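K.L.:
Below is a structure I'd like to ask you about.
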Amino acid sequence: MSTTKVLDPAFQGVGQKVGTEIWRIEDFKPVALPKSDYGKFYCGDSYIVLQTSCAKGGAYLYDIHFWIGKDSSQDEAGTAAIKTVELDAVLGGRAIQHRELQGYESDKFLSYFKPCIIPLEGGFASGFKKPEEEKFVTRLYICRGKRAIRVKEVPFARSSLNHDDVFVLDTENKIYQFNGANSNIQERAKALEVIQYLKEKYHGGVSDVAIVDDGKLQAESDSGEFWVLFGGFAPIGKKPVSDDDVVLETTAPKLYSGRVFVFIMKCSPCSINDGQLKLEEAALTKAMLENTKCFLLDCGAEIYVWVGRVTQMEDRKSATKAVEEFLINQKRPKTTRVTQVIQGYESHAFKSKFESWPVGNAAGSPGVEEGRGKVAALLKQQGVDVKGAAKNTAPVNEEVPPLLEGSGKLEVWCVDGNTKTALPKEDIGKFYSGNCYIILYAYHSGDKKEEYYLSYWIGKDSLVDDQTMASQLANTMWNSLKGRPVLGRIYQGKEPPQFVALFQPMVILKGGIGSGYKKLVEEKGVTGETYSSEGIALFRVSGTSIHNNKILQVDAVATSLSSTECFVLQSGNAMFMWLGNSSTYEQQQWAAKVAEFLKPGVAVKHCKEGTESSAFWFALGGKQSYTNRNSTQDIIAREPHLYAFSFKNGRLEVTEIFNFSQDDLLTEDMMILDTHGEVFIWIGQCVESKEKQKAFEIGQKYVEHANSIEDLSSYVPLYKVMEGNEPCFFKTYFNWDNTKSVVHGNSFQKKLSLLFGFRSEGAPRSSGNGGPTQRASALAALSSAFNPSSQQKLSNERPKSTGDGPTQRASALAALSNAFNPSSKPKTPTPPPSRSGQGSQRAAAVAALSSVLTAEQSGSSENLRAKASSTADKTDVDRVVITQSGASSPQSEAGESSVFHQEKDVVEGAPSEADGAEAEAPEEETTENVGEATFSYDRLITKSTDPVRGIDYKRREAYLSDSEFQTVFGMTKDAFYQQPNWKQELQKRKADLF
């Protein structure tokens, strides 16, 4: 790729920080928007949005979107498209480009502006009419989408309503949500996020909220008020058909080739146009794409433009224009999406359209890096600042996920035919490669309820029959435990850290001890393979800590040795420990443990490399040369991806959830989380039982799919996880909030309870007594107050109370009794209680509880140091304070007895759900205390020539001033700490603050 033009100065120095950058087209030039205007789009304008992310390998990844408002001129839209190509050139020619039309934006674009964008009327050319600054105007919005929600303003009239959609009516004093009778539960849940957005943006965070259900004429004020605004109740009509309702069907992909798509005339998808556009008839393969050409991939609902790495910039610009002509000539609807990908940086969605995508010139490969360097050099000659654009950052070592709590009960069974045999305690940790094993680990996370880690391990030489039986037996155990364990399939050689850490140590032995394996060996006439405690065996020790201390039996010959590792040699009753000259102290310690594990009580002869005895070499068949290089290890260097999925004609189709969060785990769905080191199938509570049983089958189909296009190992660990029983090593990929696990119901009911404290969608919504979530939180907090032993993990930095514990508890109980049992008061003919009345009552209960908890917690944690982390979950105290501020609804039709029963169930589980949050609560306090002292960035980096002393070196970034933090990370501290831990660590590494 080359150019002779000086690129736009507005793009100088872009893409060097993780985050979002936005330009608006003004007088046909890109003008950077101030951060305060991010997320604000005018219908009459066109914008360019650059999203920079950081891969786990350390390199920057880029997505460029050009957004075209519905009233934007064709010239402005064309300028945005052309400037997008120029911006890509500044970034080294490796960005994925997206065309975004107002109202038809991609999920990825919308994910940058959660929960939604609401375009404003006006634009630069019209002088920016700012409706938000004028007198408040009542507005009606339609909300569509169950994950990425699209909000569109419609005329404020009854005729705009229908039975199939969800609407939000924003008035000056109250926000209403109208749920069409046939509307989607998940769209109802997403609309609640829109209400919260409107409430905070246009009402200062204070506004009444009401839910009105189509077809349910409740005799209460909210429903009446809603219909009065529309001139009184009257039947609403059927939903009119519009362009918004046209759902394009994804068709079989058709690939067109040509040097450049320039003069595309009217042609059918299968025709050839004057040699410029050629339809490739063969099955799609990666080999068909040539780096000197541009290709158009027509998938019906979406069109991709693939651009060869060495194409010219002018060719790329021409291809962009040609696509627009193609859409017009083919009479494609507005909803057709257009995405341009560059060779070597293709998206998962693009790759999935091909039969296979062999790993070759992928991002980071030498060919691509060389091409990127040439582009950067060329741009630099033209005076364009591309600092960092061509940098090939060294990969970051794999981050170890949280390990399971220790001191649990570990049981292991060896599968033999149709049975499983429990291993004696002394043999737990020994795995024969010719066998399969089932592992069950029961543990308590703090004071939580008992949790389970269940998995089956498949040896590389095991029989297929044993593998099948291990799967069946493990699944039977999973069902008997009512789906509570996380269930994993683990292949030899791909053991994840949390699995390896269960064994101290884990030793993989040659051969097998099952009857089926022995029979197979006899038939083949092979002898001497299976490990014997009396024979000769050599074990390689390469691990350095509990999560990677996997010991492997290797061929007992001198060529198996390596100077960078330790080895244990068993020769009959003699044991040797060989220490490579470049081995670590940790490896030497593990070698000693392995020797004791294999031969308890036997004296071990230490052999440092170069001082071996003749008996040592004799056991290995004589001295030979061996390597002094490190053995290669798998390094996981990719970001995690969350997918929804469906089946079409028996083929698995996945849809990525971008910038995912815990809220994207919808209880009605199954989801796929691919970390490239592990694959999780997450199962919502509302998924049908038959579908739950298909989880591993679906997971295997995904692994096969990802193996063909993303080089995912066929032997990657595969887990299925039930909602409410997520393990720590799954939660680490989210900014996890344990309070959300307490709430039951469908997606809408959960969101309703969490945001506003409402009870259920069938009850009146704007006033009433405390909902189940409030009660559960308060009762859980009260339980903690009366069980101070459960609070031992809290920080000692909370102020001590001078009040008497028992007296405070009594006050809290009294307040709770009044707040939760209003029916016990004398009945009066007064109007229904207002929100403020009940709210103050609940506030009193909360205040009493808070005092109790503060006193109890501060007194029981004098000698504990708070862990340093900024993503700590809320404590029970925080949860109660948050919940009491929301509105709540009257008790359900089931009566108080059913409510009490539900509360009792929640209370019994509440400590288990809350303790994880309590254990991490001090982290948040530590963040605040750390921030009290600030130092310059130059003194805080790891390579500083004048380093700061006496700080928490794991939290270097917290000592930056607010302004310098914004400069270094491109975001505020609050925004930074709301990210999952793995994202924080990536950015800290990038800034040399790790």
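The values are calculated or read from the model by the stated rules, or taken from the named source; none is laboratory data. Computed from a predicted model, the values in this text were never measured in an experiment. Reconstructed Cβ throughout: ideal geometry from the backbone, glycine too, with neighbour counts over all protein chains shown. Each accessible area value is taken on the protein alone, full model and side chains, heavy atoms only, with ligands, DNA and RNA left out. Shrake-Rupley method; radii C 1.70, N 1.55, O 1.52, S 1.80 Å.
K.L.:
How big is the dipole moment of the range 423-468 about its Cα centre under a simple scheme where the beta carbon of each Lys and Arg is +1, that of each Asp and Glu is -1, and everything else is neutral? Debye, nearest 20, please.
P.N.:
120 debye
K.L.:
How high is the relative contact order of the range 439-542, in percent, with contacts defined as C-alpha pairs under 8 Å that are six or more residues apart?
P.N.:
22 percent
K.L.:
Right, another one. Calculate, in whole percent, how much of the Cα-Cα pair population of the range 404-443 lies beyond 12 Å.
P.N.:
On the way: 465 of 780 pairs.
The calculated P(r) of the range 404-443 puts 60 percent of pairs beyond 12 Å.
K.L.:
Going by a ≥ b ≥ c, the root eigenvalues of the Cα gyration tensor, does the range 287-349 fall in the rounded group (a/c under 1.5), the prolate group (a/b larger than b/c) or the oblate group? All intermediate terms of the calculation are to be shown ahead of the outcome.
P.N.:
Details: a/c = 2.29, a/b = 1.46, b/c = 1.58.
Because a/c hits 1.5 or more and a/b fails to exceed b/c, the range 287-349 counts as oblate.
K.L.:
Given the peptides 171-178, 325-332, 666-673, arrange them by the average over their residues of other C-beta atoms within 10 Å, most packed first.
P.N.:
666-673, 171-178, 325-332
K.L.:
Further question on the same structure: Output the relative contact order of the range 53-112, whole-number percent, from Cα pairs under 8 angstrom with separation of 6+ residues.
P.N.:
Once normalised by length, the contact order is 42 percent.
K.L.:
OK, next. Measure off, as a whole percent, the carbon and sulfur share of the 1.4 Å-probe accessible area of the range 401-451, all protein chains present.
P.N.:
Carbon with sulfur: 46 percent of the solvent-accessible area.
K.L.:
Taking all protein chains as present, what is the carbon and sulfur share of the accessible area of the range 468-537, in % to the nearest whole number, probe 1.4 Å?
P.N.:
51 percent
K.L.:
For the range 577-735, what value does the Rg/Rh ratio take when both radii are computed over Cα atoms and Rh is the Kirkwood radius, given to two decimals?
P.N.:
On the way: Rg = 23.6 Å, Rh = 19.8 Å.
We get a ratio of 1.19 for the range 577-735.
K.L.:
Still on this structure, please answer the following. Once you order the gyration tensor axes a ≥ b ≥ c over the Cα atoms, which shape class does the range 178-226 get: rounded for a/c under 1.5, otherwise prolate or oblate by comparing a/b with b/c?
P.N.:
oblate
K.L.:
How would Val500, Val137 rank on accessible area, largest to smallest, probe 1.4 Å?
P.N.:
Numbers: Val500 5, Val137 70 Å².
Ranking Val500, Val137 by accessible area, largest first, yields Val137, Val500.
K.L.:
Taking a ≥ b ≥ c as the square roots of the Cα gyration tensor eigenvalues, with a/c under 1.5 meaning rounded and otherwise prolate when a/b beats b/c, else oblate, which class fits the range 562-602?
P.N.:
oblate
K.L.:
Still on this structure: I'd like to check one number: the per residue accessible area of the range 1-80, probe 1.4 Å, reported in Å² as a whole number. Kindly include the intermediate steps, with their values, before the conclusion.
P.N.:
Numbers: 3070 Å² over 80 residues.
Heavy-atom SASA per residue in the range 1-80 reads 38 Å².
K.L.:
May I ask which of Lys146/Lys740; Lys334/Lys701; Lys40/Lys190 have a Cα-Cα span longer than 22 Å here?
P.N.:
Going by Cα-Cα distance, Lys334/Lys701 fall outside the 22 Å limit.
K.L.:
May I pose another question? Express the relative contact order of the range 1-120 as a whole percentage, based on alpha carbon pairs under 8 Å and six or more residues apart in sequence.
P.N.:
Computed over the range 1-120, the figure is 26 percent.
K.L.:
I'd like the accessible area for Thr559: 1.4 Å probe, protein heavy atoms, all chains in place, Å² to the nearest 10.
P.N.:
Number for this one is 80 Å².
K.L.:
Let me ask you something else. Sort His606, His444 by accessible area with a 1.4 Å probe, largest first.
P.N.:
Numbers: His606 125, His444 95 Å².
So the residues, ranked largest to smallest area, are His606, His444.
K.L.:
A follow-up question, please. When all protein chains stay in place, what accessible area (Å², nearest 10, 1.4 Å probe) is found for Leu579?
P.N.:
We get 20 Å² for Leu579.
K.L.:
Given the protein chains as shown and a 1.4 Å probe, how many square angstrom of Asp71 are accessible, to the nearest 10?
P.N.:
Counting only protein heavy atoms, Asp71 exposes about 90 Å² to solvent.
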